[in-house]
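Heads up: the structure comes next, in structure tokens.
The values are calculated or read from the model by the stated rules, or taken from the named source; none is laboratory data. Model, not experiment: these values are computed from the prediction. Cβ coordinates were reconstructed from backbone atoms using ideal geometry, including for glycine residues, and neighbour counts include every protein chain displayed. When the accessible area is computed, the model is the full protein with side chains, heavy atoms only, and any ligands, DNA or RNA have been set aside. Shrake-Rupley method; radii C 1.70, N 1.55, O 1.52, S 1.80 Å.
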Amino acid sequence: MNAPAAPEIAELEEQERRLTLPRFTHDDAWTLGTLLVELARERNAPVAVDIRRGGQQLFHAALPGSTPDNDVWIDRKRRVVERYGCSSLLVGSRFRAKGTTFEDSSRLDPDTYAAHGGAFPLTVKDTGVIGTVVVSGLPQIEDHRLVVEALEKFLKA
């Protein structure tokens with residue numbers, strides 16, 4: 001079975017514009033986090049989920065089959081969003097579009113930063129990026145798609 005193709009840069013940028021939130025509270029973090037857990041459980045996905053606003057962790061869950069390594073990946077992908085202000089998949093895609101890789105050209109420690117899909121900025125309208133939502137445990141494109149799907153459902157609720 002072939003892995004899903006990575007979205008184009010323009011599609012990733014459009015997702016970030018479209019998935020801007022009107023606000024983001026502690027209760028919103030709980031709602032989004034439980035939505036992600038429900039979607040993952042429906043698929044028997046062995047993931048860990050993390051939601052932060054600023055420096056505060058508001059939600060964390062580790063589903064069966066996830067490991068402590070998923071938490072390390074969460075931290076590495078989250079740091080990319082915090083540094084670049086856009087999804088970890090978009091950052092990695094932009095480096096690849098230039099004919100290089102994040103690891104080779106960012107000058108950042110790959111043990112601390114990972115431009116792999118699954119971390120997405122929480123952007124509030126008229127405010128900017130205020131936090132992150134991260135999934136780890138699936139191939140990076142699937143991690144990213146799970147986060148996007150949950151944000152789409154969250155915004156419709």
Query - Projected label distance in nm at residue 56 and residue 34, using a 7 Å step from Cα toward the beta-carbon - result: 1.9
**Report entry** Summed side-chain charge close to residue 23 - residues other than residue 23 whose Cβ falls under 13 Å, Lys, Arg +1, Asp, Glu -1
**Finding:** -1
Requested in this report: Report the FRET efficiency, 1/(1 + (r/R0)^6), for residue 41 and residue 14, where r is their Cβ-Cβ distance and R0 is 22 Å, rounded to 0.05.
Outcome: 0.15
Report task. Answer rounded, prolate or oblate for the stretch 102-157, using the Cα gyration tensor with square roots of eigenvalues a ≥ b ≥ c: rounded when a/c is under 1.5, else prolate when a/b is larger than b/c, else oblate. Result -> oblate
Report summary line: Between the modelled labels at residue 97 and residue 111 (7 Å from Cα along Cα→Cβ) the distance in nm is 3.2
Query raised in the report: Tell me, what % of the accessible area of the stretch 9-74 is carbon and sulfur with a 1.4 angstrom probe?
Result: 51
Requested in this report: Compute the FRET efficiency between residue 5 and residue 157 as 1/(1 + (r/R0)^6), taking r as their Cβ-Cβ distance and R0 = 30 Å, and round to the nearest 0.05.
Outcome: 0.55
**Report entry** Reach of residue 153 by Cα under 19 Å, taken over lysines that are not fewer than 8 positions away in the same chain
**Finding:** 125
Requested in this report: Work out the length of the dipole vector of the chain about its Cα centre, built from +1 on the beta-carbon of each Lys and Arg and -1 on the beta-carbon of each Asp and Glu, and round it to the nearest 20 debye.
Outcome: 280
Query raised in the report: In the neighborhood of residue 9, defined by Cβ-to-Cβ distances under 10 Å, what is the net charge if each Lys or Arg adds +1 and each Asp or Glu adds -1?
Result: -2
Query raised in the report: Comparing 147, 124, 134, which has the greatest mean-square fluctuation in the GNM of the chain with Cα pairs linked when under 10 Å apart?
Result: 124
**Report entry** Neighbour-limited loop hits for trypsin sites (Lys or Arg not before Pro), the stretch 101-157 (at most 13 other Cβ within 10 Å; DSSP other than H, G, I, E, B)
**Finding:** 107, 125
Report task. Compute the separation of the alpha-carbon centres of the stretch 15-63 and the stretch 88-103 and state it in Å as a whole number. Result -> 25
Query raised in the report: Over the chain, what is the mean sequence separation of C-alpha contacts under 8 Å (at least six apart), divided by residue count, expressed as relative contact order in percent?
Result: 28
Report task. Using only the Cα atoms of the stretch 13-157, build the gyration tensor, take square roots of its eigenvalues as a ≥ b ≥ c, and label the shape rounded, prolate or oblate: rounded if a/c is under 1.5, else prolate if a/b is larger than b/c, else oblate. Result -> oblate
Requested in this report: In a Gaussian network model over the chain where Cα atoms closer than 10 Å are linked, find which of 12, 90, 108 has the largest mean-square fluctuation.
Outcome: 108
